[in-house]
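This report refers to the structure that appears directly beneath it.
The values are calculated or read from the model by the stated rules, or taken from the named source; none is laboratory data. The structure displayed is predicted, hence computed values, not measured ones. Cβ: placed from backbone, ideal geometry, glycine included. Neighbour counts: every protein chain shown. In case anyone asks, the SASA skips ligands and DNA or RNA and just uses the protein heavy atoms, side chains included. Shrake-Rupley method; radii C 1.70, N 1.55, O 1.52, S 1.80 Å.
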Amino acid sequence: MRVLLPKRYLKGIIAFLLFLIGTVALVGATLPASFQKQIGLSPSGSIFEDLFYTESVNPFLRTASTATANAYYAPAALLAGNPAADLDQCANDPLPSSHLDGCNTSGTQWVNGNLGASKSVYFEGDSIPYRMKFSNLPLGQHTVTIEWDTTKSGKHAIDYITNWNQSVADANPCLGISGCIFPGTNTVNYTELAIAPDPQVTGAGVTPIAGKLRLYGGTLQSMSSYSYSNGSGFAGDKSASITVTFTASVANPVLAWGGHISTRKDWGDGGSAVAISGSPYHTRLLNLDGSGGNQDRSLSADAVIFPGSVTIIKDRIPNGSDDFSFTDTGLSPASFNLDDDSDPTLSNTKVFSNVISFGTKTVTEASNSAFILSFTSPPCTLTSPNGGDSSSSGNTVTINMKEGENYTCTFTNTSINDTNGRVIVKKVTVPSGDTNTDFTFNTSGFPSGTFPATFTEKDGGSKDSCGAGINCVPPSVSNTQYKVTEAASSTYTLTKKECV
């Protein structure tokens, strides 16, 4: 099909084309040759060459191997969009996937939206990998400003920034980015810049994990001092930001860093975000080259796990070599042994660390008739409380564990034979050797299970309150008198009673 235009329109169209050609020629004449080449103008200034580029290789499909030494691109650059930046965070897959890997197979693992437990899992002390994708950047110097929320309701969230791979070691910020080469063992592919510590963090006595910003496709030049848009300090909701200056050597460089999730070790049991619901972990792009809208990326609290722990301590009174057996539910391993002596073969402590499955746990000690088992009330001390508790019944301690809680439970075993009193009754006749006469003894004040009310012994015999099948005498708590009385004998006269 042909389209015919009236002749009266022809002059106007020609005039408009000549105007465009002249404008392009004027711009090309006043710009450096390198920039003319970048936007598609020929260094020679030939309007014909610029508008009607002729070469055996399609300039839009040109590669390094097909380009000539003084090659330049056709006016495709003139059709590119505005310079832009786009903030991604790493969706490193949910449980049961490890929190220490991810974002290493597909660019779709780097997400442009918010993250929850269905897409990712991070632990207390991990660092969330971030990347800033740039597009359509003119080659040369640029600035980008990033911000992160340091506290939510006074609880520390992302307390500082560090390496993008501080915890997710194999995260690949180049995934899905044309021309971005990873892992970048050749430093020609990237530059790094040490992250200066936030003086508010170090001023609080916290030592940040050292880290670096990394830029693929450009050169990092400097990092500004820290700014605090809603005031300094950590009370309430606070944020920190920095501005990074860099030189782009490609139109689509990539900047990578990590946001560190605060720990109770650094900020105290009540100072971390373990008890905060919602999405306290926010990082945002504030501007590129001083302009642009706010891009906010959040990580919800349910995607961050604060591990708990259970510690079992065996306290034998007095210390001794006896081994004590335990079984448990909700923990692993399901059984263990402890003792309370200097022999290093067995410890007196069992630690279940990094517990990430919360709920009911039980620990039961096997019965031992030689000991009295006792607990404090409650049986376990609790740090980093989050609504859980502990109780004891018989030989079992039950723990209702909430996220991030640390329980220490002491099983105290008092040795009956080693700590209670002991009474030994010996019978001696003069002359000795009478093995036929029974001497009768009556007792009073002794608890059940020790001496019987009546027993008999012959010359040379004895009765031990700590003997086989007989418990030692517990210490008296009310000045009770323990009595042993020998009944009168028709053939012997009692001449001596002696206690040593």
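What is the residue count in region 94-110 for residues that are within 22 Å of Gln295 (Cβ to Cβ) and open to solvent by 20 Å² or more (accessible area, probe 1.4 Å)? Result for region 94-110: 4.
Against the definition (surrounded by 21 or more Cβ atoms within 10 Å (Cβ to Cβ) and not charged (D, E, K, R)), how does Pro173 come out, yes or no? So Pro173 fits the description; yes. Mind telling me which of the residues Ser321, Ser277, Ser232 ends up being out of contact with any Gly (no Cβ under 7 Å at 6 or more places or on another chain), under 30 Å from Thr362 (Cα atoms) and not in a strand (DSSP E or B)? Being out of contact with any Gly (no Cβ under 7 Å at 6 or more places or on another chain), under 30 Å from Thr362 (Cα atoms) and not in a strand (DSSP E or B) holds for just one of Ser321, Ser277, Ser232, which is Ser277. Applying the criterion of being in contact with a Gly (Cβ under 9 Å, 6 or more places away or on another chain), open to solvent by 10 Å² or more (accessible area, probe 1.4 Å) and not aliphatic (A, V, I, L, M) to the residues of region 244-269, the residue that is nearest to Leu139 (Cα to Cα) is Ser249.
Does Ile146 satisfy the condition of being in contact (Cβ under 8 Å) with a residue 12 or more places away in the chain, within 13 Å of Gln89 (Cβ to Cβ) and over 18 Å from the mean Cα position of the chain (by Cα)? Taking the combined requirement at face value, the residue satisfies it.
Of the residues Val254, Val244, the single one that is of a type in the set (A, V, I, L, M, F, W, C), touching a Lys or Arg at 6+ places or on another chain (Cβ under 7 Å) and at pLDDT 95 or above is Val254. Among the conditions (1) in a strand (DSSP E or B); (2) modelled with pLDDT under 95; (3) under 28 Å from Pro318 (Cα atoms); (4) open to solvent by 70 Å² or more (accessible area, probe 1.4 Å), the only one that Asn337 does not satisfy is (2). For the condition at pLDDT 95 or above, β-branched (Val, Ile, Thr), surrounded by 14 or more Cβ atoms within 10 Å (Cβ to Cβ) and on the phi < 0 side of the Ramachandran plot, Thr419 does not qualify. Of all residues in region 236-294, those satisfying the criterion of being polar (S, T, N, Q), closer than 30 Å to Gly387 by Cβ and out of contact with any Phe, Trp or Tyr (no Cβ under 8 Å at 6 or more places or on another chain) are Ser262, Thr263, Ser277, Ser279. When region 340-357 is filtered for residues that are open to solvent by 60 Å² or more (accessible area, probe 1.4 Å), hydrophobic (A, V, I, L, M, F, W, C) and modelled with pLDDT of 95 or more, only Val351 remains. The condition of being open to solvent by less than 30 Å² (accessible area, probe 1.4 Å) and of a type in the set (Asp, Glu) holds for Asp198. Checking the conditions here, which among Thr191, Thr151 is β-branched (Val, Ile, Thr) and either surrounded by fewer than 19 Cβ atoms within 10 Å (Cβ to Cβ) or within 28 Å of Asp289 (Cβ to Cβ) (or both)? Every option except Thr191 fails the conditions.
Filtering region 139-148 for residues that are open to solvent by 30 Å² or more (accessible area, probe 1.4 Å), among the charged types (D, E, K, R) and not in a loop (DSSP other than H, G, I, E, B) leaves an empty set.
Taken over region 374-388, the residue count meeting the criterion of being crowded, with 16+ Cβ neighbours inside 10 Å and part of a strand (DSSP E or B) is 2.
If the condition is being open to solvent by 50 Å² or more (accessible area, probe 1.4 Å) and not in a loop (DSSP other than H, G, I, E, B), then region 201-221 contributes Thr202, Gly203, Lys212, Thr219, Gln221. Annotation: Gly236 fulfils all but one of (1) touching a residue at least 40 places away in the same chain (Cβ under 8 Å); (2) surrounded by 15 or more Cβ atoms within 10 Å (Cβ to Cβ); the unmet one is (2). Checking each residue in region 373-400 for being farther than 24 Å from Ile317 by Cβ and at pLDDT below 95 picks out Thr383, Ser384, Pro385, Asn386, Gly387.
Yes/no per residue for (1) assigned to a strand (DSSP E or B); (2) of a type in the set (A, V, I, L, M); (3) loosely packed, with under 14 Cβ neighbours inside 10 Å:
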site: Thr360; (1), (2), (3): yes, no, yes
site: Thr364; (1), (2), (3): yes, no, no
site: Asn368; (1), (2), (3): no, no, no
site: Ser390; (1), (2), (3): yes, no, no
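Restricted to region 281-309, and to residues there that are of a type outside the set (Ser, Thr, Tyr) and touching a His at 6+ places or on another chain (Cβ under 9 Å), the residue that is least open to solvent (accessible area, probe 1.4 Å) is Leu299. In region 310-333, the qualifying residues are those that are of a type in the set (Gly, Ala, Ser) and open to solvent by 20 Å² or more (accessible area, probe 1.4 Å), and the one that is nearest to Lys402 (Cα to Cα) is Gly330.
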